[in-house]
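Engineer: The structure that follows is given in the form of structure tokens.
The values are calculated or read from the model by the stated rules, or taken from the named source; none is laboratory data. Quantities reported herein were computed from a predicted structural model and do not represent experimental measurements. Cβ placement follows ideal geometry from the backbone for every residue including glycine, while neighbour counts extend to all protein chains displayed. Ligands, DNA and RNA are excluded from the accessible area calculation, which covers all protein heavy atoms including side chains. Shrake-Rupley method; radii C 1.70, N 1.55, O 1.52, S 1.80 Å.
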Amino acid sequence: MAESRYRILEHPADVGIEASGVSLKEAFENAAAGLLSIITDVESIDAAEERYIRLTATDFDNLLVKWLSEILYLYDGEDFIVGEVEIESLSPTQLEAIVSGEPYDANKHSTHLDVKAVTYHQLKIQQKKTGCLVRVYLDI
Amino acid sequence: MLKKIAEHRYVIPKSFREGMTIEGLIYANDELIRQIEKDETLAQVANVATLPGLVGRSLAMPDAHQGYGFAIGGVAAADMDKGVISAGGVGFDINCGVRLLVSDFTLEEVKPKLDALLNQMFRDIPCGTGKKGVVGLNYEQLDDVLRNGAHWAAKNGYGTSADLEHIEETGRLASADPTAVSNRAKHRGRDQLGTLGSGNHFAEVQYVSEVFDDEAAQTFCLRQGHIVVMIHSGSRGLGHQVCTDYLEIMQSAMRKYNIQIVDRQLACVPIKSPEGQNYLRAMAAAANFAFANRQMMSHWTREAFAKVLGRGNLHVVYDVCHNIAKEEVHTVDGAERRVLVHRKGATRAFPKHRPELPKDYFEVGQPVLIPGSMGTCSYVLVGTEKAMEETFGSSCHGAGRAMSRHAAKKNITAEQLIKELKAKGVTVRGASKSGLTEEKPEAYKDVSQVVEVVHDAGIARKVAKLIPIGVIKG
């Protein structure tokens, strides 16, 4: 999940993420890294605990929103801050992943922005032989 | 394409895009319309005009800017029988809103103790990213909050029942049903009750610098040179999750109702459908969470005043929702109709003699609270008949962002910004340094221009101008 695999996009009100990868799986993983970089300093998170995620969806767009919403929910709803993600399988209707991280600790983890939600605004999923690209905007 | 039909009014004709069933109408002056044209606001106002069962026009206020699906600053009314409800038309931060408290202290009395007051407020009002509230609630208690909103807060020692009279809907939407709210939303919200949040949310100590309308100002207890406190906050993670959940539910259900939309973020269902009714019950619950939230922060503000200045007898001027859908009766094409008014970054602006008004404001109208960007001024306006005729009783909600967060951070550090604001007479306490620079005044449109347009167009009337002296930022 190298940082160069995603970039943060500007929007008058909020922020977006554009992530790339050799496969769509990798682009989805990099989008998660982008989201986490907006929330916190990823380096401060120890991969102490693993969680298994399985999501079903109607299409890739829906799946990308659900995937990032899941990571956001783990942080905001269960105080579990994700540091690393690994997608095990990805199809247009299903995603399985192992994410690792640790319980959120205000003394250990600095936070940058509260992300309200993941949106469909200008959402893009591009699959080409040369590589894949996803774009998503967050409501801050 | 844009047609100026009258002073401060620009129409987007139905020919703007395929599928528009009603026109768009934007309130702006020449400069603001140029800013509005720079982003996707016009397209979004037009997209909203394609939703089924809308009446009147798809509106945008002068503070409008690009949002998600709906533009921020958008108003749209749907026929109760034939129309749709869109979760995106309310937004992620359900019942994000503004409350104004007025004190009997003058500027001169507070100034010497301002630092101590801000420190106390900053200690007592939990704010910033990842900040938890101090009120531990079990899920049964949370359901009570969701059902009763500010009434729950007043009953549990946060303020008094007298406060409730001066809140939109008395701080409780009776249609709220906690069972329509997912466990996920409750998990996100449970620890966040009584927290300010981050981003553009704030608590500001201000003074009344100018009075434009003596009768209304007197009715609202706003006296020149007196100290007021403005609180801008919403329903936190609970509301955000309710919107996320119902966007998903609405997207799946749309096929069943044969609804086609032009932007996925506009997902909607018939108001009368089970999904639509469930959303409205969940939205009302999230709105109540936000009402309780602002009620609790008002209580801590009063305590901070009492600790530092000896008395904390601030009273509530009013509390308005910015992001909400409300069932209301409006006259459309000469006939009275029950409609669901989506206000996405817009404020209700009802005139005098409306039954929804508090008794003591009945002869004047509803206070419309317009916060400016950090360190600039804010305004109190009052609702008008014109707003009833043209905008479903709605007006603007603030300055409106003009610059991205990233662009705002360029060329300025938090230290420089704090110094600049200090030179202007505004002391800042901020939980996040990067958060502060993202909210610098220049990142927003000029609130005074926005208010002038609203005032000149007659969709709200200026009552008083408020100047900040201290800001608490998340």
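Engineer: Return the residues of segment A:116-133 that are closer than 19 Å to B:Gly69 by Cα and in a strand (DSSP E or B); say none if nothing qualifies. Reasoning before the result, please.
Structural biologist: So the first thing to find is which residues in segment A:116-133 are closer than 19 Å to B:Gly69 by Cα, and the list is A:116-125.
Of everything in segment A:116-133, those that are closer than 19 Å to B:Gly69 by Cα and in a strand (DSSP E or B) turn out to be A:Ala117, A:Val118, A:Lys124, A:Ile125.
Engineer: Would you be able to say whether some residue in segment A:47-70 is within 11 Å of chain B (Cβ to nearest Cβ) and among the aromatic types (Phe, Trp, Tyr)?
Structural biologist: Among the residues of segment A:47-70, not one is within 11 Å of chain B (Cβ to nearest Cβ) and among the aromatic types (Phe, Trp, Tyr), which makes the answer no.
Engineer: Could you please let me know if B:Gly383 is within 14 Å of chain A (Cβ to nearest Cβ), buried (at least 23 other Cβ atoms within 10 Å of the Cβ) and modelled with pLDDT of 95 or more?
Structural biologist: The answer is no for B:Gly383.
Engineer: So, one more: Would a scan of segment B:153-163 turn up a residue that is open to solvent by 10 Å² or more (accessible area, probe 1.4 Å) and in a strand (DSSP E or B)?
Structural biologist: No, segment B:153-163 contains no residue that is open to solvent by 10 Å² or more (accessible area, probe 1.4 Å) and in a strand (DSSP E or B).
Engineer: Answer yes or no as to whether B:Pro112 is away from every other protein chain (no Cβ under 14 Å) and either more than 30 Å from B:Tyr207 (Cβ to Cβ) or out of contact with any Phe, Trp or Tyr (no Cβ under 8 Å at 6 or more places or on another chain) (or both).
Structural biologist: yes
Engineer: A further question on this structure: Restricting to segment A:6-55, name every residue that is out of contact with any His (no Cβ under 9 Å at 6 or more places or on another chain), over 26 Å from B:Ile72 (Cβ atoms) and of a type in the set (Val, Ile, Thr).
Structural biologist: Matches in segment A:6-55: A:Val22, A:Val42, A:Ile53.
Engineer: Separate question: I'm trying to understand the selection: among the residues of segment B:410-440, which are buried (at least 18 other Cβ atoms within 10 Å of the Cβ), more than 10 Å from chain A (Cβ to nearest Cβ) and farther than 25 Å from B:Pro112 by Cα?
Structural biologist: B:Thr437, B:Glu439, B:Lys440
Engineer: Another question, if that's okay. Using beta carbons and a limit of 6 Å, which pairs, at least six apart or on different chains, have the first residue in segment B:54-72 and more than 14 Å from chain A (Cβ to nearest Cβ) and the second one acidic (Asp, Glu)?
Structural biologist: B:Val55/B:Asp79; B:Arg57/B:Glu23
Engineer: Going through B:Ala176, B:Ala150, B:Ala185 one at a time, which residue ends up being assigned to a loop (DSSP other than H, G, I, E, B) and surrounded by 18 or more Cβ atoms within 10 Å (Cβ to Cβ)?
Structural biologist: Exactly one residue qualifies, and that residue is B:Ala176.
Engineer: Of all residues in segment A:88-115 being in a loop (DSSP other than H, G, I, E, B) and open to solvent by less than 30 Å² (accessible area, probe 1.4 Å), which is nearest to the other protein chains (Cβ to nearest Cβ)?
Structural biologist: Checked segment A:88-115; the qualifying residue nearest to the other protein chains (Cβ to nearest Cβ) is A:Asp114.
Engineer: What is the residue count in segment B:444-460 for residues that are in contact with a helix residue (DSSP H, G or I) (Cβ under 8 Å, 6 or more places away or on another chain) and crowded, with 22+ Cβ neighbours inside 10 Å? Step through it out loud before you land on a result.
Structural biologist: Within segment B:444-460, the subset in contact with a helix residue (DSSP H, G or I) (Cβ under 8 Å, 6 or more places away or on another chain) is B:445, B:449-450, B:453, B:457-460.
Among the residues that remain, those that are also crowded, with 22+ Cβ neighbours inside 10 Å are: B:445, B:450, B:453, B:457, B:459-460.
So the count comes out to 6.
Engineer: State whether one or more residues within segment B:374-394 are within 13 Å of the chain's Cα centre (by Cα) and within 27 Å of B:His8 (Cα to Cα).
Structural biologist: yes
Engineer: With the condition kept exactly as written, say whether any residue in segment A:125-134 is farther than 30 Å from B:Gln44 by Cβ and crowded, with 20+ Cβ neighbours inside 10 Å.
Structural biologist: No, there is no match, as no residue in segment A:125-134 is farther than 30 Å from B:Gln44 by Cβ and crowded, with 20+ Cβ neighbours inside 10 Å.
Engineer: Can you name every one of the strands (runs of 3 or more DSSP E) wholly within segment B:1-76 that holds 2 or more residues which are surrounded by fewer than 24 Cβ atoms within 10 Å (Cβ to Cβ)?
Structural biologist: Once the strands (runs of 3 or more DSSP E) in segment B:1-76 are filtered for at least 2 residues that are surrounded by fewer than 24 Cβ atoms within 10 Å (Cβ to Cβ), what remains is B:3-6, B:9-12, B:54-65.
Engineer: Given the criterion under 23 Å from B:His232 (Cα atoms) and touching a residue at least 60 places away in the same chain (Cβ under 8 Å), identify the matching residue among B:Arg401, B:Arg405.
Structural biologist: Numbers: B:Arg405 fails: touching a residue at least 60 places away in the same chain (Cβ under 8 Å).
Answer to the check: B:Arg401.
Engineer: Is it the case, given these coordinates, that B:Met403 is surrounded by fewer than 24 Cβ atoms within 10 Å (Cβ to Cβ) and within 14 Å of chain A (Cβ to nearest Cβ)?
Structural biologist: Details: surrounded by fewer than 24 Cβ atoms within 10 Å (Cβ to Cβ): yes; within 14 Å of chain A (Cβ to nearest Cβ): yes.
In short, yes.
Engineer: Working only within segment B:213-255, note down all residues that are of a type outside the set (Gly, Ala, Ser), buried (at least 24 other Cβ atoms within 10 Å of the Cβ) and closer than 30 Å to A:Leu55 by Cα.
Structural biologist: Within segment B:213-255, B:Arg236, B:Leu238, B:His240, B:Gln241, B:Val242, B:Cys243, B:Thr244, B:Tyr246, B:Leu247, B:Met250 qualify.
This table checks each residue for (1) farther than 18 Å from B:Asp163 by Cβ; (2) among the hydroxyl-bearing types (Ser, Thr, Tyr); (3) touching a residue at least 12 places away in the same chain (Cβ under 8 Å); (4) assigned to a strand (DSSP E or B).
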| residue | (1), (2), (3), (4) |
| --- | --- |
| B:His240 | yes, no, yes, no |
| B:Leu280 | yes, no, yes, no |
| B:Met297 | no, no, yes, no |
| B:Glu303 | no, no, yes, no |
| B:Val320 | no, no, yes, yes |
| B:Glu327 | yes, no, yes, yes |
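Engineer: Could you list, in sequence order, all residues of segment A:39-74 that are surrounded by 20 or more Cβ atoms within 10 Å (Cβ to Cβ) and modelled with pLDDT under 95?
Structural biologist: Scanning segment A:39-74 gives A:Ile39, A:Thr40, A:Ile45.
Engineer: B:Val135 - would you say it is out of contact with any Ser or Thr (no Cβ under 9 Å at 6 or more places or on another chain), at pLDDT below 95 and buried (at least 17 other Cβ atoms within 10 Å of the Cβ)?
Structural biologist: Here the answer is yes, as B:Val135 does meet what is asked.
Engineer: Which members of segment B:81-121 meet the condition of being under 29 Å from B:Lys344 (Cα atoms) and assigned to a helix (DSSP H, G or I)?
Structural biologist: Those that are under 29 Å from B:Lys344 (Cα atoms) and assigned to a helix (DSSP H, G or I): B:Ala87, B:Gly88, B:Gly89.
Engineer: Give just the number: which of (1) within 12 Å of another protein chain (Cβ to nearest Cβ); (2) out of contact with any strand residue (DSSP E or B) (no Cβ under 9 Å at 6 or more places or on another chain); (3) among the charged types (D, E, K, R) does A:Asp79 not satisfy?
Structural biologist: Condition not satisfied by A:Asp79: (2).
Engineer: Follow-up question, since we're still on this one. When you scan segment B:388-398, do you find a residue that is within 24 Å of B:Val102 (Cα to Cα), touching a Ser or Thr at 6+ places or on another chain (Cβ under 7 Å) and open to solvent by 10 Å² or more (accessible area, probe 1.4 Å), even just one?
Structural biologist: Scanning segment B:388-398 turns up at least one residue that is within 24 Å of B:Val102 (Cα to Cα), touching a Ser or Thr at 6+ places or on another chain (Cβ under 7 Å) and open to solvent by 10 Å² or more (accessible area, probe 1.4 Å).
Engineer: It is to be established whether one or more residues within segment B:205-212 are touching a helix residue (DSSP H, G or I) at 6+ places or on another chain (Cβ under 8 Å), assigned to a helix (DSSP H, G or I) and crowded, with 22+ Cβ neighbours inside 10 Å.
Structural biologist: No, segment B:205-212 contains no residue that is touching a helix residue (DSSP H, G or I) at 6+ places or on another chain (Cβ under 8 Å), assigned to a helix (DSSP H, G or I) and crowded, with 22+ Cβ neighbours inside 10 Å.
Engineer: So which residues in segment A:7-38 are of a type in the set (Val, Ile, Thr) and surrounded by 23 or more Cβ atoms within 10 Å (Cβ to Cβ), if there are any at all?
Structural biologist: A:Ile17
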